[in-house]
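The values are calculated or read from the model by the stated rules, or taken from the named source; none is laboratory data. What you see is a predicted model, and the numbers here were worked out from it, not measured in a lab. Cβ atoms come from the backbone with ideal geometry, glycine included; neighbour counts cover every protein chain shown. Ligands, DNA and RNA are stripped out before the accessible areas are found, and what is left, the full protein with its side chains, is counted by its heavy atoms. Shrake-Rupley method; radii C 1.70, N 1.55, O 1.52, S 1.80 Å.
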Amino acid sequence: MKIANCQNCKQSYKITDKDLAFYKKIATPPPTFCPDCRRQRRFAFRNERNLYLRKCDLTGEQIVTTYSPDKPFKVYSHDAWWGDKWDPLQYGQSYDFNKPFFEQYKELQSKVPRMNMIVVNSENSDYSPYCVNSKNCYMCVSSNYSEDVYYSYQTNLSRDCIDCFLCNNCELCYESLYGMNLYHCMWTVNCKESSDLFFCRDCQGCQKCIGCANLKNKQLYAFNKSVSEDEYNSLTKLFTDRKNIEKMRQSLSDSSLKFPYRENYNINCENVTGDHLRDSKNCEFCFDASGLEDCKYIYVLPKGGKDTCDAHYSQNSELAYDCVSAVNDYNCKWVIHTWDVKNSMYCDECYYSENLFGCIGLKRKKYCILNKQYTKEEYEELVPRIIQHMGGTVRARQSRASAQDERGSGSASPSESELKNKQFGEFFPIEISPFCYNESMALENFPLTKEEALKKNLKWKEKDSREYKPATYQPADSIENIGDGIINEILACSGCGKNYRIILQE
């Protein structure tokens, strides 16, 4: 066990012997940022909520993108980016040992075209960032294998769902959180294998229940008491009216503490700490994930991971470290949006490749550094020199962790002289994120005011100057009194005043 001081927040944090063994295994030094600051840094490189219109810099067509028009990057449409009318190797540059690595990486970043949005093998889902193998999804984030899903987050293998959060195998669900194998359920939390639930929490194997908590294998219950079919049907008719829904919501909120809550929602797990984990073992501080083994500090990983640390959205990867969206990767460190990549470091938007260092936008390539092609021998000779230039240790391919152990150091923190030149072993600095701080996930998880962000030299995007229009229509309280004409009306949010529309599918 070693105690280190975070170079960002200055707080102390623990690096266990198990952590050091992992860092030695992947040949990297221990981090100089604490776990929370590492997470904040990664989150700054992912924009899930802010979409813009701009033109494709290759075709000129209007596209929806996560990059605002004022961003200095070239942005290509999905089809143009994957097409063969441009070559990312044309932007390759030789490594300059007189400049810091991240300065050179930033130069490359400013030249290589970026994909407008990460959407993979999906149809009619142009407004759904990080959508994979889905169809007809709108304003969703990270929906996989879903169809006709709207305004939802991580709702996978589902269809005909609206306003759901981290749901799997669900159909005809509305405002459900952490649902699994649900049919026709509304306003539920942590329910599974159930149907026709309304305002229920922690129910499993249940049917036709209203306002219930902690039930298993029950049918026709209301407020945890048995009811007749007629009583159930009479209660469900109330839910077509907004006022009744709000009364129910408030009533359950007031009475929720009467029912005990589970310690956690881990299922079929062994030796884990965290929450909402399934089919996992030997994991620490992991959340919203399944199929993990020997992992630590994992966030939102729906399917599989092994020997992985400090990662989110990085499913089915092994020996991955400090990554964002490293999917099907092996032995990759400090990478962003890399799919089916092996033995690579410091890369962004690279696919089906291996042995890359500091590359952006490569597809089916190997042995490249800063987008410049090398032979296998040249690559293997140059990368250790770059690591040393970045302050890393490559003697006999040992990590800094093992070197420190040999010196008998009592602290995992590097010396001041090491920190001055150290870049290897750290994720990309927040300052070179393509997004402003308030566009990224970092703001949601680590809130900062504009003044606080600017004081930390973080980019901040000013809100677009716009005037919101007064609502042209006030929706009736009952769905029975609302016709399709509502889709042509301008509505105003009762909370923030922003205008919005109702789409026909709603």
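Beta carbons closer than 9 Å, at least 6 apart along the sequence or on distinct chains, pair a first residue in the stretch 373-384 that is closer than 14 Å to residue 343 by Cβ with a second that is at pLDDT below 95 and charged (D, E, K, R) for 384/397. The set of residues from the stretch 1-57 being closer than 19 Å to residue 434 by Cα, touching a residue at least 24 places away in the same chain (Cβ under 8 Å) and open to solvent by 60 Å² or more (accessible area, probe 1.4 Å) comprises 49, 57.
Out of all the residues in the stretch 340-367, which are out of contact with any Lys or Arg (no Cβ under 6 Å at 6 or more places or on another chain), among the hydroxyl-bearing types (Ser, Thr, Tyr) and either open to solvent by 30 Å² or more (accessible area, probe 1.4 Å) or touching a residue at least 40 places away in the same chain (Cβ under 8 Å) (or both)? The one that is out of contact with any Lys or Arg (no Cβ under 6 Å at 6 or more places or on another chain), among the hydroxyl-bearing types (Ser, Thr, Tyr) and either open to solvent by 30 Å² or more (accessible area, probe 1.4 Å) or touching a residue at least 40 places away in the same chain (Cβ under 8 Å) (or both): 346. Residues that are among the polar types (S, T, N, Q), crowded, with 20+ Cβ neighbours inside 10 Å and either farther than 30 Å from residue 64 by Cβ or touching a residue at least 60 places away in the same chain (Cβ under 8 Å) (or both) do not occur anywhere in the stretch 196-218. Which one is farthest from residue 188 (Cα to Cα), of the residues in the stretch 218-251 that are part of a helix (DSSP H, G or I) and of a type in the set (Phe, Trp, Tyr)? If we take residues in the stretch 218-251 being part of a helix (DSSP H, G or I) and of a type in the set (Phe, Trp, Tyr), then 232 is farthest from residue 188 (Cα to Cα). Does the stretch 368-389 contain at least one residue that is touching a strand residue (DSSP E or B) at 6+ places or on another chain (Cβ under 9 Å), assigned to a strand (DSSP E or B) and either open to solvent by 20 Å² or more (accessible area, probe 1.4 Å) or modelled with pLDDT under 95 (or both)? Yes: the stretch 368-389 contains one or more residues that are touching a strand residue (DSSP E or B) at 6+ places or on another chain (Cβ under 9 Å), assigned to a strand (DSSP E or B) and either open to solvent by 20 Å² or more (accessible area, probe 1.4 Å) or modelled with pLDDT under 95 (or both). Looking at 355, 331, just one residue is over 20 Å from residue 434 (Cβ atoms), assigned to a strand (DSSP E or B) and in contact with a Leu (Cβ under 9 Å, 6 or more places away or on another chain), and that residue is 331.
Can you name the helices (runs of 4 or more DSSP H) wholly within the stretch 416-506 that have at least 3 residues being over 26 Å from the mean Cα position of the chain (by Cα) and within 30 Å of residue 385 (Cα to Cα)? Answer list for the stretch 416-506: 416-421. Selection within the stretch 228-244: residues that are within 13 Å of residue 196 (Cβ to Cβ) and either out of contact with any helix residue (DSSP H, G or I) (no Cβ under 8 Å at 6 or more places or on another chain) or without any contact (Cβ under 8 Å) to a residue 12 or more places away in the chain (or both). The member of this set that is surrounded by the fewest Cβ atoms within 10 Å (Cβ to Cβ) is 229.
Being closer than 19 Å to residue 145 by Cβ and not in a strand (DSSP E or B) is the filter; apply it to the stretch 296-328 and report the residue that is most open to solvent (accessible area, probe 1.4 Å). My answer is 303. If only residues of the stretch 252-284 that are open to solvent by 90 Å² or more (accessible area, probe 1.4 Å) and part of a strand (DSSP E or B) are counted, the one that is farthest from residue 198 (Cα to Cα) is 271.
Residues that are polar (S, T, N, Q) and open to solvent by less than 10 Å² (accessible area, probe 1.4 Å) within the stretch 144-153 comprise 146, 152, listed in sequence order. Per the conditions (1) in a loop (DSSP other than H, G, I, E, B); (2) surrounded by 20 or more Cβ atoms within 10 Å (Cβ to Cβ), the sole criterion not satisfied by residue 84 is (2).
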